[in-house]
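So the structure is just underneath, and the comments pick up after that.
The values are calculated or read from the model by the stated rules, or taken from the named source; none is laboratory data. Here the structure is a predicted model, which is why all the values come from computation and not from measurement. With ideal geometry, Cβ positions are generated from the backbone for all residues, glycine too; neighbour counts draw on all protein chains shown. Protein only, heavy atoms only, side chains kept; ligands, DNA and RNA dropped before computing areas. Shrake-Rupley method; radii C 1.70, N 1.55, O 1.52, S 1.80 Å.
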Amino acid sequence: MWDYTEKVREHFLNPRNVGVIENASGVGEVGSLSCGDALKLTIRVGENDIIEDAKFQTFGCASAIASSSALTEMVKGLTLDEAAKITNDDIAEFLGGLPKEKIHCSVMGRDGLERAIADYRGEVVKESQGNVVCECFGVTDLEIERAVKEDG
Amino acid sequence: MRTVYLDNNATTRVADEVLEEMIPCLRDVFGNPSSMHHKGAEAGEPLNLARRRVAALLGAQPEEILFTSCGTESDSTAINAALTAHPDRKHIITTMVEHPAVLSYCEYLEKKGYRVTFVPVDKKGCLDLKALYAAVSEETAIVSIMWANNETGTIFPVEEIAKKVKSLGAAVFHTDAVQAVGKIDIDMADSAIDMLSLSGHKLHAPKGVGALYIRKGTKFAPFLMGGHQEKGRRAGTENHSSIVALGRACELAAEKMEEENTRVKALRDRLEKGLLETIPNSFVNGDLDNRLPNTCSISFEYVEGEAILLMMNEFGICASSGSACTSGSLEPSHVLRAMGVPFTAAHGTIRFSLSIDNTDEDIDTVLECLPGIINTLRQMSPFWAEAMAAKA
Amino acid sequence: MRTVYLDNNATTRVADEVLEEMIPCLRDVFGNPSSMHHKGAEAGEPLNLARRRVAALLGAQPEEILFTSCGTESDSTAINAALTAHPDRKHIITTMVEHPAVLSYCEYLEKKGYRVTFVPVDKKGCLDLKALYAAVSEETAIVSIMWANNETGTIFPVEEIAKKVKSLGAAVFHTDAVQAVGKIDIDMADSAIDMLSLSGHKLHAPKGVGALYIRKGTKFAPFLMGGHQEKGRRAGTENHSSIVALGRACELAAEKMEEENTRVKALRDRLEKGLLETIPNSFVNGDLDNRLPNTCSISFEYVEGEAILLMMNEFGICASSGSACTSGSLEPSHVLRAMGVPFTAAHGTIRFSLSIDNTDEDIDTVLECLPGIINTLRQMSPFWAEAMAAKA
Ligand SMILES: Cc1ncc(COP(=O)(O)O)c(C=O)c1O
Ligand SMILES: Cc1ncc(COP(=O)(O)O)c(C=O)c1O
Ligand code: FES
Ligand code: FES
């Protein structure tokens, strides 16, 4: 059984900000049913590029749900530039850590955020290098490797 | 909180009666059965009794029972024995839905140069018998096909298959009956099956003990070499207390077989019916006409299995998604994939597996909690919203 | 009648403290550690604790401990792993006095085409190190040498040998430490040994559980394939309660190590001295300067071992002749033959093996009974009459 922290458990059982923002400023969608994980992140951006609201819908395991919930909490009140600096490590840290096998769930969170911001700014997300393990949300071998290493 | 344990295909609780016979073998009857003194002798008799009891449950002779350390070892031993006994035959037949104990070993042997046929199944998990029979030849050393599937409970017609493949030229027929023993009637007396694996912890004996039935006259070669234990067929000091426990568990299983197939089956059916009725977009996997009485594999579309398990756990309910052996991985189980269960559902598949320890109250608890859990998770799922929108 | 159990190298009694920790794991903590629910989780922690405890006794890291079903499986696993990891090396070195767990497997591998060097021993049972070192080459996949001999208690300088053979080009050094663990200090932290086997039932844990120490960085391949248990290094549902028991037994062994080497050793020495003094034509086998504290192998000329054992058994005394593993056979043990013990004595060799359960009273009983037993048997023996006549 995975060793989930109390914080992961709490965010999983009582996820914050579930849902979809109507007329969202930015939408980030990653993942698919076929790979077993998917995230739809919607954000509302207000004055001075400040993220006023964020909501998520997630199909995935406990840590995917907890990571999404954590992410929405973390980004609210940040400027887009500040939010863009959030890494999957920050999400994992916010949750008191994630099991090694579950790091990719937080990677999905970061990717969703990147896409939501890009969507708002009208940019195209550049595809990363390496073999795409999960085409649906573009997590690559390299990224997972890096994420796992960073987790140490 | 009350525990509602519905994960008996993963492992069972050691029965009180079993523990009672086991403990003296740990405390006092500790001699090595091979020893030439009274402490050795007193350990020998319970070992013989255990062998007779295991044999009785299978309709076998005591000499046909070999004790091992687990179901996995029984499987490896059977396959290795057949290949060693028939060195000129380089072909193995098994199925795509075997337990990893057989599957991984066959994949390894494939890399070692053996030709392996993995027979596919249909949507209901039934074997493609035509493909199976077409694959058999005089080159086939062993056909290894599980009696009942651990994830869906689907029962394969192994008796019929054994007869047929041997008439077609296969040398040895082996069945992994780890999930079948104790749940359905098995009679080796009049059978074409040459070897059969079982594991103690699936029938209320402890973990770490198993057995391999080897029909008298079947050519054999040991997997674990060394001492002369088990007549030279399996080295290593016998796991005495656990073997004694396995014997008692087999005796109990015979006594409880009817209850398993009536009361337990009725509980399973009530659970299944209740869930299907209250949870939309759900369906049962497997061959409903040929199925273990205790197993229910049910898919809930657009939600993910681990999340369901952990939410159920908050209510004390224990079940599994896929088999416990693959729960370390993130992919849907190889069994569901082989059956072609659609991705929308495969990820959200839960296995409930009952035993005689379960009660009506257990089923009530699941029926009360699970609809809410699935609903909560679906509210969070982007696909559920999409699917509902598409419908509307 | 009181039992005087002096056959602890064959198997030991499960310690009360061990049983106490084991039983809850049979009764209540029965979950499958791989399962995603609280019954699985509660089983996981005791498993981790056991791994830490076994590691602690060996001066190892918990990740370096692999649980197996017995000493025999540990030995096979180690040898198989080395050969698989070094497919280009076709040479194995072991000794003529190994336990059948290593010996039989090596003989099998010899038939399979590997070149095996069986290093001889001298009269005292000491290894011919010159022959050993001369045999090592870049072709040597594994050198497997027991830490202590089960029949004579002779301790081999495995640390020194490990360093030397690896500097000479051997890929892997493995030691069967089944008889050493718990009896003498072992520290893997600063060692050249790559793998080490142990077995629970030799140190007051139950039968049917063992461990293999695998130094971090050592290339490994599983012997038992299937599920993902033990990080994919050993398939099969973990023998949970016995592993927990092994952990506690290792902790106890560390606590009792000093008693083993003082009180138990003193009992053994008193037994040995007393027998040599009161029984003519008797002598002790093995390297008396490098020997387990609990073991005494003693030969009585012109009498036969089984007869001695059975007469001792009439007085409640349990011991063995040769190893329990070979006691089914009629030949003198391969260890005594390798040492060149004369036939007149090899047949009449008895192994007494003590443990912390033994008392002064136990030794008194043997010293009282055995001289009479040997005398009775000698009076019946034609060779004794001949020998006495020749002397006179
Ligand atoms: C030196 C040695 N190695 C291996 C073994 C085999 O251990 P097990 O009986 O647990 O397989 C034994 C004991 O029988 C032994 O004394
Ligand atoms: C069908 C089947 N075969 C083999 C096994 C392996 O048994 P064990 O865990 O005792 O090695 C299992 C259970 O895990 C099983 O369900
Ligand atoms: S999102 Fe797939 S395992 Fe967590
Ligand atoms: S005379 Fe009986 S064993 Fe030799």
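Which of rounded, prolate or oblate describes segment B:39-97 when judged by the alpha-carbon gyration tensor and an a/c cut-off of 1.5? The shape class here is prolate. Inter-chain neighbour count for B:37-46: the average number of beta-carbon atoms from partner chains within 10 Å of each residue's beta-carbon is 5. For a straight C-alpha distance cut-off of 16 angstrom, the lysines reachable from residue A:100 (same-chain residues fewer than eight places away being disregarded) are A:149, C:231. Within the full protein context, the accessible area of residue B:295 is estimated at about 0 Å² for a probe radius of 1.4 Å. Within chain B, helices built from complete DSSP H runs that reach 18 Å or longer along their own axis (Cα positions) and carry a mean Kyte-Doolittle hydropathy of -1.0 or higher are B:38-58, B:71-85, B:240-259, B:265-278, B:360-380.
Closest approach of a chain B Cβ to the axis relating B and C (residue, whole Å): B:69, 2.
Any of C:219/C:265; C:123/C:164; C:90/C:207 with alpha carbons more than 31 Å apart? Name them for me.
On the way: C:219/C:265 39 Å; C:123/C:164 24 Å; C:90/C:207 33 Å.
From the list (C:219/C:265; C:123/C:164; C:90/C:207), the Cα-Cα distance tops 31 Å for C:219/C:265; C:90/C:207.
Restricting segment A:42-78 to trypsin sites (Lys or Arg not before Pro) that sit in a DSSP loop and have at most 11 other Cβ atoms within 10 Å of their own Cβ leaves nothing. For segment C:186-309, rounded, prolate or oblate, judged on the Cα gyration tensor with a ≥ b ≥ c (square roots of eigenvalues), a/c < 1.5 rounded, else prolate if a/b > b/c? Since a/c reaches 1.5 and a/b is larger than b/c, the shape of segment C:186-309 is classed as prolate. Entry for segment C:16-253 at q = 0.07, 0.09, 0.10, 0.12 Å⁻¹: log10 I(q)/I(0) = -0.22, -0.37, -0.45, -0.64, Debye formula applied to identical alpha-carbon scatterers, no solvent contribution.
Can you give the helix-only mean residue ellipticity at 222 nm for chain B, where every DSSP H stretch with n ≥ 4 adds -39500 (n - 2.57) and the sum goes over all residues, rounded to the nearest 500 deg cm²/dmol? Present the calculation step by step, with values, prior to reporting the outcome.
Values: 13 runs with 160 residues, N = 392.
Mean residue ellipticity at 222 nm (helix-derived): -13000 deg cm²/dmol.
Averaged over the residues of peptide C:219-226, the number of Cβ atoms from other protein chains lying within 10 Å of each residue's Cβ is 6. Lys and Arg at +1, Asp and Glu at -1: add these up for the other residues within a Cβ distance under 10 Å of residue C:136 and post the number. Net of charged neighbours comes to 0. Once backbone amide H atoms are built at 1.01 Å from N, residue C:154 has C:149, C:287, C:292 as its partners under 5 Å, excluding neighbours fewer than 5 places away on the same chain.
Residues C:312, B:1 ordered from highest to lowest accessible area at a 1.4 Å probe: B:1, C:312. Shown in residue order for segment B:333-338 are the 3J(HN,Hα) couplings computed by the Karplus curve 6.51 cos²θ - 1.76 cosθ + 1.60 at θ = phi - 60°: 4, 5, 5, 5, 5, 4 Hz (x for Gly and Pro).
Which of the peptides C:14-22, C:268-276 is most tightly packed, and how do the rest follow, judged by the mean count of other Cβ atoms within 10 Å per residue? Intermediate results must be reported in sequence, preceding the final value.
Working: C:14-22: 19.2, C:268-276: 17.3.
Ranked from most to least packed, the peptides come out as C:14-22, C:268-276.
With N the number of residues in the protein assembly as shown, Rg(Cα) / (2.2 N^0.38 Å) evaluates to 1.04.
Phi angles of segment B:204-211 translate, via the Karplus equation with coefficients 6.51, -1.76, 1.60 and θ = phi - 60°, into HN-Hα couplings of 6, 9, x, 5, x, 8, x, 8 Hz per residue; Gly and Pro are given as x. Sketch the reach of a paramagnetic label on residue C:364 as a point 7 Å from Cα along Cα-to-Cβ, and name the residues of segment C:278-322 whose backbone nitrogen lies under 13 Å away. Flagged as within label range: none. The trypsin sites (Lys or Arg not before Pro) of segment C:36-121 that meet both conditions, a loop assignment by DSSP and at most 16 other Cβ atoms within 10 Å of the site Cβ, are C:90, C:112. The C-alpha atoms of segment C:262-392 occupy a region whose extents along the principal axes are 42, 31, 28 Å, arranged from largest to smallest. Of the trypsin sites (Lys or Arg not before Pro) found in segment C:208-256, those in coil by DSSP whose Cβ has at most 16 other Cβ atoms within 10 Å are C:216, C:219. Per-residue shielding of B:8-15, expressed as the average number of other chain Cβ atoms within 10 Å of the residue Cβ, stands at 5. Beta-bridge orientation, chain C: approximately 55 percent antiparallel, per DSSP, counting only bridges with both partners inside.
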